[in-house]
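Down below is the structure, laid out as structure tokens.
Each reported figure results from applying straightforward, stated rules to the coordinates on display, with no laboratory input. Bear in mind the structure is a predicted one, so any value in this text is a computation, not a measurement. FYI the Cβ positions are ideal-geometry reconstructions off the backbone, even for glycines, and counts take in every protein chain you see.
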Amino acid sequence: MADKTFYENNGPFTLEQIAGICGAALADPSQGKLVVAEMATMALAGAQDICFFYDKKAREKAAEIRAAACVTTEELSRYVPQTTALLISPNPKLAYLKLSRAFYSEYKMKADIASTARIHPSAIIGQGTYVGDYVVIGENVAIGENCVFEPGAVVARGCKIGNNTRVGANASISYAVIGDNCYIYSGARIGQDGFGFMMVDGRHERLPQLGRVIIGNDVEVGANSCIDRGALDDTVIGDGMRIDNLVQIAHNDKFGTGCIMVAQSGAAGSCTFGDYVVCGGQVGVADHLTIGSKAQIASQSGVMRDVQPGEVVMGYPAVKFNDFMRQVALLQKSIRK
């Protein structure tokens, strides 16, 4: 149940309205005028709430549902008490996404520029943008409309940011071009030096990092994640990418559309990722590799070779999933001996 301190409740809604929002069907159309005020989990939902049931593993707990209504599948509906109104959906998870967007909204900042913000006279800031306390916006920065810059954010000289983009508290952006509808979470670091050094006369000399970070539209960069700018070429983050917290993306990496990198994963420099690649938590990818579109890399894997499109790999060093399972079976068999 969303805390009203932090989220605005746009309800209540009737079950008839909810069915329309979710694309679900009421098992009993006569219950369409029943009103629910909140969304809640199966365990916590009460007489004025609606819950969602989509996991077969939770079918024993379903008998304990006390919600006014429940969105579930035809198959799972038999486990829900008869006292709870049913909305049947082929995809309750998608129904949850749709209804949560309708039911709740975050507090929206009104267009304003805090008196403590420091903005260079040459910077361009679009209409409807909120600039919080102690934000720093540098020379020749261009910012689109309806953006939000939370307190302490820094946008260095020359950066460009599109419309409807949000930059979290204490995030920093430099050497970067960012598209529309992005969310850069608190503490993220975009455009820092790539990790490039050369041994010269017994000491590590820093290699100049002369590229940029190019981020497409509808990208999320999680809290305290880092995306380094390119050494000479650009680091590129494709449209729709989702980057979790504490992720490292090195210089010259290039990601296609819709990729996912989960927390504590990292890619070394000059890697190329296709579209819709998924890297689980704590995945490490060695430098100069190519990861094909729709490849999946299981958590804690270490990738040391190219991965083909659609391939699923696991382990350290990462191998095809089936090969990894054979390795595990062989090891277990040898231990039993």
For the range 249-337: relative contact order, % (alpha-carbon pairs under 8 angstrom, 6 or more apart): 19 percent
Amide H within-cut-off set for TYR183, under 5 Å, with H built and near neighbours excluded: ARG166, VAL219, GLU220, VAL221
Does the range 7-106 classify as rounded, prolate or oblate by the C-alpha gyration tensor (a ≥ b ≥ c root eigenvalues; a/c under 1.5 gives rounded; else a/b over b/c gives prolate, otherwise oblate)? rounded
For the range 257-337, what is Rg from Cα atoms divided by 2.2 N^0.38 Å, rounded to two decimals? 1.14
Which of ALA68, SER265, SER299 sits closest to the plus end of the dipole of the chain, meaning its Cα is farthest towards the positive end, when Lys and Arg get +1 and Asp and Glu get -1 on the C-beta? SER299
Restricting attention to the range 1-97, which trypsin sites (Lys or Arg not before Pro) occupy a DSSP loop and are surrounded by at most 14 other Cβ atoms within 10 Å? LYS4, LYS33
Could you size up the charge dipole of the chain around its Cα centre, putting +1 on the beta carbon of Lys and Arg and -1 on that of Asp and Glu, and report it in debye to the nearest 20? 880 debye
Ordering of 109-117, 266-274 by burial proxy (mean other Cβ atoms within 10 Å per residue, highest first): 266-274, 109-117
So what are the ³J(HN,Hα) numbers for the range 71-78, from phi and the Karplus equation (6.51, -1.76, 1.60; θ = phi - 60°), rounded to whole Hz, Gly and Pro as x? 9, 8, 8, 4, 5, 8, 4, 5
Can you pick out the pairs among LYS108/LYS160; LYS57/LYS108; LYS98/LYS320; LYS56/LYS320; LYS33/LYS61 whose Cα atoms lie more than 32 Å from each other? LYS57/LYS108; LYS98/LYS320
Give me the Debye-computed log₁₀ of I(q)/I(0) at q = 0.07, 0.09, 0.10, 0.12 Å⁻¹ for the chain, equal point scatterers on Cα only, no solvent, two decimals. -0.41, -0.66, -0.79, -1.00
Would you mind ranking MET325, MET314, MET261 so that the residue whose beta carbon has the fewest other beta carbons within 10 Å leads the list? MET325, MET314, MET261
How high is the relative contact order of the range 7-106, in percent, with contacts defined as C-alpha pairs under 8 Å that are six or more residues apart? 32 percent
Residues VAL80, VAL154, VAL312 in order from fewest to most other beta-carbon atoms within 10 Å are VAL312, VAL154, VAL80
Taking the beta-carbon count within 10 Å as an exposure proxy, list SER293, SER225, SER89 from fewest neighbours to most. SER293, SER89, SER225
Can you list the HN-Hα couplings for the range 2-16, worked out from phi with the Karplus curve (6.51, -1.76, 1.60; θ = phi - 60°), rounded to whole Hz and with x for Gly and Pro? 6, 6, 5, 5, 10, 10, 8, 8, 8, x, x, 10, 7, 5, 5
Once amide H atoms are built 1.01 Å from N in the peptide plane, which residues 5 or more positions from PHE273, or in another chain, come under 5 Å H to H? LYS254, PHE255, GLY256, ILE291
Residue by residue through the range 80-96, which ³J(HN,Hα) values in whole Hz follow from phi under the Karplus form 6.51 cos²θ - 1.76 cosθ + 1.60 (θ = phi - 60°), with glycine and proline marked x? 8, x, 5, 6, 9, 5, 10, 10, 9, 9, x, 9, x, 5, 5, 4, 4
Among ILE124, ILE50, ILE215, residue whose mean-square fluctuation peaks in a GNM of the chain (springs only between Cα atoms under 10 Å): ILE50
May I ask what percent, to the nearest 5, of DSSP beta bridges between residues of the chain are antiparallel? 15 percent
For ASN322, put the label point 7 Å out on the Cα→Cβ axis and report which residues of the range 291-314 keep their amide N under 12 Å from it. 312
